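Beneath this line is the structure, given in structure tokens, with notes to follow.
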Amino acid sequence: RSFVQVKLNEQERNEKLQPLLDAGWTLVEGRDAIFKQFVLKDFNQAFSFMTGVALLAEKINHHPEWFNCYNKVDVTLSTHDVGGLSSQDIRMATHLETQANLLK
């Protein structure tokens with residue numbers, strides 16, 4: 001099943017991005033992307049977090065750029081097909097927040 005990706009418009013950016021920025025996501029300089037570092041308890045928890053996110057990523061065919069070092073997971077989200085942020089990035093970021101909160 002394919003998803004048509006569309007870049008977020010100004011109104012969507014203001015409405016949908018703000019809660020994520022309030023939750024600690026930041027805009028990436030020089031790129032239409034968002035970034036956040038998640039700090040978990042230990043490596044095991046970080047791996048559980050990534051596993052939970054990977055299931056949705058596969059399901060919606062939208063994969064985060066991420067880097068894991070011990071208990072930290074750095075995540076950058078952007079949609080390559082549209083050259084910037086799409087609703088899929090908002091969905092993925094929201095899912096990441098939910099997964100991280102479940103592990104707290």
Largest to smallest accessible area among Glu65, Glu58 [probe 1.4 Å]: Glu58, Glu65
DSSP-loop trypsin sites (Lys or Arg not before Pro) across the range 1-99, with at most 10 other Cβ within 10 angstrom: Arg1
For the chain: accessible area per residue (Å², 1.4 Å): 60 Å²
Accessible surface of the range 10-102, 1.4 Å probe, proportion on carbon and sulfur as whole %: 52 percent
Cleavage-rule hits, chymotrypsin sites (Phe, Trp or Tyr not before Pro), the range 30-104, DSSP coil, Cβ neighbours within 10 Å at most 10: Tyr70
Residue-by-residue Karplus 3J(HN,Hα) for the range 51-57, coefficients 6.51, -1.76, 1.60, Hz, glycine and proline x: 5, x, 6, 4, 4, 5, 4
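The values are calculated or read from the model by the stated rules, or taken from the named source; none is laboratory data. This structure is a prediction, so every number in the text was calculated from the model and none was measured. FYI the Cβ positions are ideal-geometry reconstructions off the backbone, even for glycines, and counts take in every protein chain you see. To get the accessible areas, we keep the full protein, side chains included, count just its heavy atoms, and leave off ligands, DNA and RNA. Shrake-Rupley method; radii C 1.70, N 1.55, O 1.52, S 1.80 Å.
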